[in-house]
Amino acid sequence: MRETRRWNAGARSLALALAAASALVLAACGGGGGGATTGGGSEVPPSESEAQPAETLVVGTEAEYAPFESVDANGDFVGFDMDLIRAIGKAAGFTPDIRNMGFDALIPALVSGQIDLAISAMTITDERAQSVLFSDPYFTSGQAIMVRTGSPIRTVDDLSGKKVGVQASTTGQFAVEKQNEAFQKAGKAAAQIQAYPHSPDAINALLTGQVDAVVIDVPVLEEYLKNNPGAGVEVTGPPFTVEYYGIAMARTRTDLAARVNRALAELKADGTYDAIYAKYFGGR
């Protein structure tokens with residue numbers, strides 16, 4: 001979702017000015033504990049970043065989901081989500097320490113306290129919200145079907161009796177499972193779900209004929225088509241679901257959720273979000 005909320009920039013500037021003034025008063029009254037010293041013993045006023053060091057928060061992601069998260073040739077985390085969480089961290093006063101892990105390990109890692117945040121094109125669902133706290137939505141997406149070129153499969157109804165590849169524990173899998181319930185009620189054969197650890201595994205299974213179709217978030221399928229012209233696959237149509245991505249954290253971290261939501265709103269209001277979006281998806 002791309003709605004923006006305008007924040008009172010004047011009030012924020014006044015608050016920052018008052019905070020700076022307070023810091024100067026405390027430095028004058030605090031003796032020798034506030035800054036670094038030169039070789040001659042005189043104090044050097046700390047820079048703003050030194051006076052208020054950024055908190056480091058561990059951020060989990062599954063970095064095999066371009067264009068949202070992946071690892072480049074230099075070993076750096078890149079993608080829409082990665083740029084966004086770094087911008088949110090800058091606005092909220094923390095440095096993200098990004099860790100790569102399996103998608104289905106993200107929520108358990110949040111619950112156990114191994115990570116502070118998870119951003120990984122994760123759809124907000126009622127089931128997940130029973131275990132974790134989500135930020136405000138930051139992206140609208142949906143599930144689509146990819147098939148080999150010339151396949152008769154066009155819609156979810158055509159998945160009846162077919163082998164369908166999905167990434168395990170994702171809303172792609174949940175969408176096919178829900179469709180199977182409809183097939184059962186209609187007396188039709190269920191789709192045979194083949195779950196893979198990562199979305200590229202599911203796409204490779206389609207390319208090699210192990211499955212008849214894959215169901216994955218449409219931006220990921222479109223990214224694959226853009227980077228692999230002539231691969232002999234196609235997306236059959238627009239998304240057949242509507243989903244909203246959120247940044248997840250432990251349910252006890254309401255303070256962190258408030259910080260993330262404030263930062264996200266600021267990025268939407270000042271144009272930073274739109275710039276990151278345009279970098280990966282173009283304008284809309």
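Nothing in this text is a laboratory measurement; each read-out follows from the coordinates by a stated rule. Note that the structure is a prediction, hence the values are computed from the model and not measured. Positions of Cβ are backbone-derived with ideal geometry, glycine not excepted, and every protein chain shown enters the neighbour counts.
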- Message: Explain nothing, just compute: Karplus ³J(HN,Hα) = 6.51 cos²θ - 1.76 cosθ + 1.60, θ = phi - 60°, for every residue of segment 247-255 in order, whole Hz, x for Gly and Pro.
- Response: 8, 9, 8, 4, 5, 7, 8, 5, 5
- Query: What list of whole percents do you get for P(r) of segment 143-241, with Cα-Cα distances grouped in 5 Å bins up to the one holding the largest distance?
  - Reply: 3, 15, 27, 28, 18, 6, 2, 1
- Residues meeting the amide H criterion for VAL233 (H placed from the backbone, H to H distance under 5 Å, 5 or more places apart or on another chain) are THR149
- Karplus (6.51, -1.76, 1.60) ³J(HN,Hα), θ = phi - 60°, over segment 100-113, in Hz, Gly and Pro reported as x: 8, 7, x, 4, 6, 8, 5, 5, x, 5, 5, 4, 7, x
- Query: Amide H neighbours of GLN194 under 5 Å, counting only residues 5+ apart in sequence or on other chains, H built in-plane at 1.01 Å?
  - Reply: VAL164, GLY165, VAL166
- Under a 5 Å amide H to amide H cut-off, with H placed in plane at 1.01 Å, what residues pair with ILE98 once short-range neighbours are removed? VAL59
- Determine the gain in length on full extension of the stretch GLN130-SER160; use 0.36 nm per residue of separation and subtract their C-alpha separation, reporting nm with one decimal. 7.7 nm
- Query: What distance in nm separates the simple spin-label points at LYS90 and GLN210, each placed 7 Å from Cα in the Cβ direction?
  - Reply: 4.1
- Query: So what's the net charge close to THR236: Lys and Arg +1, Asp and Glu -1, counting the other residues with Cβ under 13 Å from its Cβ?
  - Reply: -2
